[in-house]
Amino acid sequence: MAAAPARRDRPNIVLILADDLGSNDLGCQGSPTIRTPRIDSLARDGVRLTQAYAMPECTPTRTSILTGRYPQRVGGLECAIGVGNVGRYDEAEWLQKRGELGLPTEWSALPRVLRQRGYRTASIGKWHLGYDHRYWPSQHGFDESEGILGGNADYHTHQEEDGQPVYFRNGRIEDRPGHTTDAITAAALDFLKRQRASQPYFLYLPYTAPHAPMQPGYRALVEHLDARVGDVLDQIDRSGERGNTLVLFLSDNGADANGSNAPLRGRKSSVFEGGIRVPWLMRWPGVLTAGTTFAEPVHTIDLLPTLTDGAGPADGVNLLPALTGQRRLPERALFWRYRRLKNTRKAVRAGNWKLIHDNAGRYLFRLDDDPLEKNNLYEAQPAKVKELEQRLARWERDVRAPRLRDYRAARSRSASASVKRTETT
């Protein structure tokens, strides 16, 4: 069917999220071996963002998408929630013991704002923002929800490594047959077929592919994902809503060892470019110019203000004025912090300068001259290092999570007591 003219005030929104997809693992991103013609069509018919960033792992990226905020503001969600609701660093462990490891409902602004504007909302796919029922998507402003609760369920049994079944539908665990990628797609197609042109919809579609387990292998998982994304795009076309639908496709972080972020340095769980630079494609006929690229740095914190026209508090910015050529993005710094077990990794990018604290390692790169992060300027540029470290320290103070106030107080008391014991000894 012919596409309707673009509706600029309230377009349908389909946000497709891949899981652990490498920055080099799409045809449009330069992969020489993986065939992804359907996903590539979004680049051909829309915009490819060439300096797009996410967080280093699953849970924090999902937090940033739904809240428009850095996950540090929420607290306890700086790395992936472990299988069976395990906290993987001290703050997350503290929240887990209190039964509070998950995304509190008051933070999920994206579905709530869109529903207030008359959208029908659905979350279909990988959730990974809390196992406890009060953190499920049905509590976060989604009218419908289905998918996988945690991070790495078997594609066929839908059980996690501990044997727990985690496929859910509208608030209940269900036994859903079929490969997870197919089950998620079937639910998405059912949702799309039931929508009417009189009401816009928001479909949040976070796939589990190509995250481990490798069933049967990474390339097969990516190409299977491509085919199913094609099914979703075909349904949008059949509905006649192509011109009224903004489609986004991106990954939640860089690839792990199974995929390729080449030639970028690093991989998932790092704050080098390979861990946080992701494929990001956007198609909106009549609004975004087909076959173009956008080279300014963008971040997943920008999604909420972009999809809600700047509504609500956010750390990101509305990208649409820049994507449509009305004006450039404002000058700003982007920040990352990742904690897992004893690892603490931080980064700040301001302009073309990027400072990294990788545990004890210290790095400074000039990304326009050195996009592969090979030439460490940390010792050679002390003034720039001081400037960026001060900005990073101010950001860390700014994003301290209110719900961790009691944890910080207890830790401070413990540290004071330890000092007193040492002095007495």
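The values are calculated or read from the model by the stated rules, or taken from the named source; none is laboratory data. The structure displayed is predicted, hence computed values, not measured ones. All Cβ positions, even for glycine, are placed from backbone atoms using ideal geometry, and neighbour counts span all protein chains on display. Side chains are part of the model used for accessible areas, which takes the heavy atoms of the whole protein and leaves out ligands, DNA and RNA. Shrake-Rupley method; radii C 1.70, N 1.55, O 1.52, S 1.80 Å.
Per the 1.4 Å probe, what fraction of the accessible area of the chain, in percent, lies on carbon and sulfur atoms? Walk me through the numbers before you get to the answer.
Values: 7820 of 16870 Å².
C and S atoms contribute 46 percent here.
Assign unit charges at the C-beta atoms only (+1 for Lys and Arg, -1 for Asp and Glu), then state the dipole size of the chain relative to its Cα centre in Debye, rounded to the nearest 20. Please report the intermediate quantities before stating the final value.
Numbers: 61 positive and 51 negative charges, 269 e Å.
About 1300 debye.
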**Message:** Could you give each residue of region 117-133 its phi-based ³J(HN,Hα) in whole Hz, using Karplus coefficients 6.51, -1.76, 1.60 with θ = phi - 60°, and x for Gly or Pro?
**Reply:** 8, x, 7, 8, 10, 9, 10, 10, x, 6, 8, 6, 10, x, 8, 4, 4
**Prompt:** Residue separation times 0.36 nm, minus the C-alpha to C-alpha distance between ALA383 and ALA295: what's the value?
**Reply:** 29.0 nm
**Item:** log10 of Debye I(q)/I(0), alpha-carbon scatterers only, for region 266-420 at 0.18 Å⁻¹
**Value:** -1.24
**Prompt:** In whole percent, what relative contact order does the chain give with Cα contacts below 8 Å and a gap of six or more residues?
**Reply:** 25
**Request:** Find the Rg to Rh ratio for the chain, where Rh is the Kirkwood radius over alpha-carbon pairs and Rg uses the same atoms.
**Result:** 0.97
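Calculate how many DSSP beta bridges within region 60-185 are antiparallel, expressed in % of all such bridges and rounded to the nearest 5.
Values: 7 of 12 bridges.
About 60 percent, rounded to the nearest 5.
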**Asked** Residue by residue, what Karplus-based ³J(HN,Hα) values in Hz, rounded to whole numbers, does region 269-274 have, using 6.51, -1.76 and 1.60 with θ = phi - 60° and x for Gly and Pro?
**Response** 6, 10, 10, 6, 4, x
**Request:** Would you grab the residues whose amide H sits under 5 Å from the one on ASN170? Only those 5+ places off in sequence or on another chain, please, with H modelled 1.01 Å from N.
**Result:** SER145, GLU146
**region 1-132 - charge dipole about Cα centre, Lys and Arg +1 at Cβ, Asp and Glu -1, debye rounded to 20** = 760
**Request:** Give the long-range amide H neighbours of HIS211: residues separated by 5 or more places, or on another chain, with amide H under 5 Å away, using H modelled in the peptide plane at 1.01 Å from N.
**Result:** ASP19
**Request:** Take the alpha-carbon centre of region 279-346, take the same for region 2-56, and report the distance between them in whole Å.
**Result:** 14
**Prompt:** When all protein chains stay in place, what accessible area (Å², nearest 10, 1.4 Å probe) is found for TYR201?
**Reply:** 10
**Fill in**
Answer in debye to the nearest 20: the dipole magnitude of region 192-277 about its Cα centre, from +1 Lys/Arg and -1 Asp/Glu charges placed on Cβ, is 140
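Of the trypsin sites (Lys or Arg not before Pro) in region 27-90, which ones lie in a loop per DSSP and count no more than 15 other C-beta atoms within 10 Å? Display every interim value, and only then the final one.
Numbers: sites: ARG35, ARG38, ARG44, ARG48, ARG62, ARG69, ARG73, ARG88; in loops: ARG35, ARG69, ARG88.
Sites meeting the loop and neighbour criteria: ARG35.
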**Prompt:** Can you work out ³J(HN,Hα) from phi for every residue in region 370-377, in order, using Karplus 6.51 cos²θ - 1.76 cosθ + 1.60 and θ = phi - 60°, giving whole Hz and x for Gly and Pro?
**Reply:** 9, x, 8, 6, 9, 9, 7, 9
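Of the cross-linked pairs LYS268/LYS346; LYS97/LYS346; LYS354/LYS384; LYS354/LYS374; LYS268/LYS384, which ones have a Cα-Cα span greater than 18 Å in the structure shown? Each step should come with its number before you reach the end.
On the way: LYS268/LYS346 14 Å; LYS97/LYS346 26 Å; LYS354/LYS384 10 Å; LYS354/LYS374 12 Å; LYS268/LYS384 27 Å.
Distance filter (> 18 Å) returns LYS97/LYS346; LYS268/LYS384.
Considering only protein heavy atoms, what per residue accessible area in square angstrom results for the chain with a 1.4 angstrom probe? Working shown, then result.
Details: 16870 Å² over 425 residues.
For the chain, the per-residue accessible area is 40 Å².
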**Asked** PRE reach from ARG400 (point 7 Å along Cα→Cβ): which of region 59-87 fall under 16 Å by backbone N?
**Response** 72-76
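Rounded to the nearest 0.05, what FRET efficiency is calculated for ASP231 and GLN164 with R0 set to 41 Å and r the Cβ-Cβ distance? Don't jump to the answer; show the numbers that get you there.
Details: r = 29 Å, r/R0 = 0.71.
Once the sixth-power term is evaluated, E becomes 0.90.
State, as an integer percentage, the relative contact order of region 123-218 based on alpha-carbon contacts under 8 Å between residues 6 or more apart.
31
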**Prompt:** Check LEU26: other-chain or 5+ apart residues with amide H under 5 Å from its amide H, H built from backbone geometry?
**Reply:** SER31
